Amino acid sequence: MKEKINKRIIFEILAIVLIAIFCISLTPKTLQNDTFYTIKIGEHIIQEKGIDMIDPFSWHENLEYTYPHWLYDVIIYGIYSLGGMTGIYISTCIFAIILGITVYKVNSKLARNQVVSFFITIGVMYMLKDYITARAQLVTFILFILQIFAIEKLIETKQKRYGLALIIISILVANLHVAVWPFTFVLYLPYIAEYIIAILEEKTAKKFGKEIKQGEKLLTEKKDGVKLLVIVMIICILTGLLTPLGTTPYTYLVKTMQGNTTDNINEHQPLILINDSAVISAIIILLAILIFTKVKIRLSDLIMLGGLTLLMFYSKRQSTIWVLVGGIILNRLIYSLLEKYADKKAINSIISKFGIFALIVVMLSASFYLIKPKLKTQYIDESLYPVQMSEFILNYFEENNIDRAKVRLYNEYNYGSYLLYKDIPVFIDSRADLYAPEFNGGRDIFTDFIESSNLSVYFGDIFEKYDITHVILYKNSKINMIITETNLRGYKLIKADDYFVFYEIVK
């Protein structure tokens, strides 16, 4: 017995270490566009006016800004102040490690196994690799997985500490990433739905004098802890007021969904299943277990999977939550399958000396393979962000006594965040909602950019509408191709480098 406990402890430590190494190997060194504005917004909150609900970085006048992840922005700016870009990278590694370990611990607690939980965690983290970046979503992933754990423990034990944890999680999400705060309530619904269905089944059975029988595939339970869960959920609805953002937690997602910004941002596009082999594999495994084995699934789990699948097909960004929560459900199903059909000794053979040695070799090899190409990368990709051109523009303005506050620069969406990071006022950046009419009294700057950049409308008309004075473009952009190939008059080329061009408009 003592030897068995020691083996479990050894495996637990080994699993955590290997997960941490694997998470580091998945973390990209190169930063992405949202990180740049995150740093500047955090700086603005700390050093300037706090949360004034007005954007300070675009040259458009009086744009209302909701600061949707103000607390995360402040945290990232604090890290940046202490450690620069290296600090941002290290913090992203740490958040990824925390997420990986949290996924493992929650899985092993709820599914009551170690070995399957370890492999599920590795699969979950690999499927989330494209979302491991210095963005608020990385922190909210951790909070979502903890929320599922707290919900299930509250229902199971009725201990109030889990209810308190859910309230704290709701407050944190509302301040760290307000756009996903409404989603926290989606995670309550399957458990409440199962409870209601169980009550209806009970009443129907009593009415007709029949016994309640569990289905061949479904487990339906009436757990009184759900009553406490409903009370906690109602309290959490009020936590949206515990932010400096006013009513933003209640209105932000609705306004976002009403606009067209989500139609033009890649991560908000519907999931095309054929393009995501990892999700296909997970769905096939789930269906195979449910169709071809006698393993039963909880009704709440089935409802959760169905709801999250619909959301995932509506927006591939929601695949992240499908992976996180689906991992727990798949873990339960796989372990039930192994208990029913496999030898328990075979399940735990991985904890043997040979199994541990093989696991270490495989995981370290995989981690090295994943991290090797990242070692030579830079924090900022100069082919995507105008590093040299930004320095030139700043010097050009200074040398020619040009007041930056009076410059009306036209730039493209993907690198606008880097420009404002360098204190260059922008036409647009990756805070799409800021430039949408739903947030700014009908001004549709976002659509004007989309239509001018893809030539749906003549870009010269948009430049005239906004009285543009200077233009920075990708060298291979459609607009620049027209300007150069037609020798378009009125555009004075000031500077061109390998990736960007900078024009002054001559009137």
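The values are calculated or read from the model by the stated rules, or taken from the named source; none is laboratory data. What you see is a predicted model; the values in this text were computed from it and never measured. With ideal geometry, Cβ positions are generated from the backbone for all residues, glycine too; neighbour counts draw on all protein chains shown.
What number of residues within segment 293-314 are hydroxyl-bearing (Ser, Thr, Tyr) and in contact with a Lys or Arg (Cβ under 7 Å, 6 or more places away or on another chain)? Before you say what the answer is, go through the steps one by one.
Looking only at segment 293-314, we keep the residues that are hydroxyl-bearing (Ser, Thr, Tyr), and these are 293, 300, 309, 314.
Imposing the further condition that a residue be in contact with a Lys or Arg (Cβ under 7 Å, 6 or more places away or on another chain) reduces the set to none.
Residues that pass the stated criteria total 0.
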- List every residue pair whose Cβ atoms sit under 7 Å apart, with the two residues 6 or more apart in sequence or on different chains, where the first one lies in segment 103-121 and is farther than 17 Å from Lys153 by Cβ and the second, anywhere, is small (Gly, Ala, Ser). Gln114/Ala15; Gln114/Ser108; Phe118/Ala15; Ile120/Gly327; Thr121/Gly100
- Does segment 382-396 include one or more residues that are in a helix (DSSP H, G or I), touching a residue at least 40 places away in the same chain (Cβ under 8 Å) and surrounded by fewer than 15 Cβ atoms within 10 Å (Cβ to Cβ)? yes
- Query: Looking at (1) without any contact (Cβ under 8 Å) to a residue 40 or more places away in the chain; (2) in a loop (DSSP other than H, G, I, E, B); (3) farther than 16 Å from Trp59 by Cα, which is the only condition Ile402 fails?
  - Reply: (3)
- Item | Filter result for Ile289 (under 22 Å from Leu99 (Cβ atoms), modelled with pLDDT of 85 or more and in a helix (DSSP H, G or I)) | no
- Task: Evaluate segment 68-80: report whether one residue or more is at pLDDT below 95, under 19 Å from the mean Cα position of the chain (by Cα), closer than 24 Å to Gln147 by Cα and not in a helix (DSSP H, G or I).
- Result: yes
- Selected residue (criterion: farthest from Leu229 (Cα to Cα)) from residues of segment 163-216 that are at pLDDT 90 or above and assigned to a loop (DSSP other than H, G, I, E, B): His177
- Task: Please verify whether segment 260-272 includes one or more residues that are surrounded by 14 or more Cβ atoms within 10 Å (Cβ to Cβ), outside the structural domain of Trp181 (by TED's automatic domain parsing), in contact with a helix residue (DSSP H, G or I) (Cβ under 9 Å, 6 or more places away or on another chain) and at pLDDT 80 or above.
- Result: no
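Within segment 28-47, track down each residue that is in contact (Cβ under 8 Å) with a residue 60 or more places away in the chain, part of a helix (DSSP H, G or I) and out of contact with any Leu (no Cβ under 9 Å at 6 or more places or on another chain). Give the steps one after another, and end with the answer.
In the first step, residues of segment 28-47 are kept if they are in contact (Cβ under 8 Å) with a residue 60 or more places away in the chain; the result is 28-40.
Adding the requirement that they be part of a helix (DSSP H, G or I) leaves 33-40.
Of everything in segment 28-47, those that are in contact (Cβ under 8 Å) with a residue 60 or more places away in the chain, part of a helix (DSSP H, G or I) and out of contact with any Leu (no Cβ under 9 Å at 6 or more places or on another chain) turn out to be Asp34, Thr35, Thr38, Ile39.
Quick one: which of Ile329, Ile334, Ile428 is under 25 Å from Leu286 (Cα atoms) and either touching an Asp or Glu at 6+ places or on another chain (Cβ under 8 Å) or exposed (fewer than 11 other Cβ atoms within 10 Å of the Cβ) (or both)?
Working: Ile334 fails: either touching an Asp or Glu at 6+ places or on another chain (Cβ under 8 Å) or exposed (fewer than 11 other Cβ atoms within 10 Å of the Cβ) (or both); Ile428 fails: under 25 Å from Leu286 (Cα atoms).
Within the list Ile329, Ile334, Ile428, the selection yields Ile329.
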